[in-house]
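To start, the structure under review is shown below, and the notes come after it.
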Amino acid sequence: MAYESVEVDTSLTVDQIAKVFRRAIKTADPDAGFGPIEIAEGQPDVYGAYASGKNLIIRWCIQIFVREDGDSRRVQLIILGSSMLGAAWKGTRNSYSASMGRSRAEFVVEALREVEKQLS
């Protein structure tokens, strides 16, 4: 499984980031599903969640991790995708579209920046 990562710093709280993430994804894909990502004990305070969805034949999945970084939060969006060979090998049922995930991640980043601009 291939992946890409997008990172952004924000002054929004973890709760605000989680709400923006959920709202942005639901706006782009009303049928999207969400779930938590368990963080191993002993790790620094990190919020982790994922969102996933599909259309008729293509599935997508992105993960979000939020870490405290002093007065700001570091948001990392992981875009899961399958290589061409992986998609051919496993078929569309067991593969993820990086381009669809990327568009969802870009939508989240734009929403985070917009909310932060409105609050400042």
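The values are calculated or read from the model by the stated rules, or taken from the named source; none is laboratory data. A quick note: this is a predicted structure, and the numbers were derived from the prediction, not measured. Note: ideal-geometry Cβ built from the backbone for every residue, glycine included; neighbour counts use all protein chains shown. Heads up: the accessible areas ignore ligands, DNA and RNA and are worked out on the full protein's heavy atoms, side chains in. Shrake-Rupley method; radii C 1.70, N 1.55, O 1.52, S 1.80 Å.
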Stretched fully, the stretch from Glu106 through Arg23 gains (0.36 nm per residue minus C-alpha distance, one decimal, in nm) 28.5 nm
Extend 7 Å from the Cα of Ser72 along its Cα-to-C-beta direction; within the range 1-44, residues with backbone N under 11 Å of that point are 8-12
Heavy-atom accessible area per residue of the chain, all protein chains kept, 1.4 Å probe, expressed in Å², is 63 Å²
The helix 98-119 Cα axis meets the longest alpha-carbon principal axis of the chain at an angle in degrees, between 0 and 90 and rounded to 10, of 20 degrees
In whole percent, the fraction of accessible protein surface over the chain that belongs to carbon or sulfur atoms, probe radius 1.4 Å, stands at 51 percent
Using a 1.4 Å probe on heavy atoms of the protein chains only, the accessible area for Asp29 in Å², nearest 10, reads 20 Å²
Subtracting the Cα-Cα distance of Ile39 and Glu4 from 0.36 nm times their residue separation yields 10.6 nm
Sorting Ile17, Pro30, Gln118 by the position of each Cα along the dipole of the chain (Lys, Arg +1; Asp, Glu -1; all at Cβ), the one nearest the positive end of that ordering is Pro30
Computed over the chain: longest principal axis from alpha-carbon atoms vs helix 14-28 long axis, angle to nearest 10 degrees, is 40 degrees
